[in-house]
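Rule-based calculations on the coordinates, nothing more; no lab input. No experiment lies behind these values; they were computed from the predicted model shown. Note that we place each Cβ from the backbone using ideal geometry, even for glycine, and neighbour counts take in every protein chain shown.
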Amino acid sequence: MIRGWGATLRAGALGAALLAQDPGAAAAHAIILESEPAAGAKLAEPPARIYLRFNSKLEKRLSHVTLAATDGRPVPLPVAADGSEKLDRIVLPLGSLRPGAYVVRYKVLAADGHITEGALRFTVLEPK
């Protein structure tokens with residue numbers, strides 16, 4: 001019995017040492033893989049939607065997205081969990097946007113229970 005416990009303790013210590021070397025392995029968070037508009041984009045025309053694709057499934061009903069002109073208040077955009085979309089992405093239709101700079105802020109809950117917050121900025125250019 002004691003011999004078996006020693007092997008278990010050594011395996012546990014080895015696992016802890018590996019996690020200490022790579023803390024990202026222990027904590028999984030939703031990371032954006034793709035967005036439309038892209039972060040930093042300068043658009044000739046306003047986007048019709050906000051599209052965010054993550055590396056994990058999301059709990060959409062507990063996730064939040066806002067859109068704000070850099071000189072204005074954030075406006076919440078409803079994140080629907082209607083089941084018709086893939087669970088790793090959020091698609092939010094937009095009304096028409098005026099030329100200017102915008103910030104999309106998101107706070108999403110991944111299916112594994114981790115919360116991720118972030119922002120991306122884009123600019124709608126004046127028409128030529």
- Message: Please list, in order, the residues from segment 47-73 whose amide nitrogen is less than 17 Å from a point placed 7 Å along the Cα→Cβ vector of LEU94.
- Response: 47-53, 65-73
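Could you give the length gained by full extension between LYS128 and ALA80, i.e. 0.36 nm per residue of separation minus their alpha carbon distance, to one decimal place? It would help to have the intermediate numbers written out before the result.
Working: separation 48, 0.36 × 48 = 17.28 nm, distance 3.56 nm.
Gain in length upon complete extension: 13.7 nm.
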- Net +/- balance of residues flanking SER96 in space, Cβ distance below 14 Å, scoring K and R +1, D and E -1: +1
- Task: Taking 7 Å along the Cα-to-C-beta vector as the label spot, tell me the LYS57-ALA69 distance in nanometres, rounded to one decimal.
- Result: 4.0
- Message: Given an 8 Å cut-off on Cα distances and at least 6 residues of separation, report the relative contact order of segment 28-114 as a percent.
- Response: 38
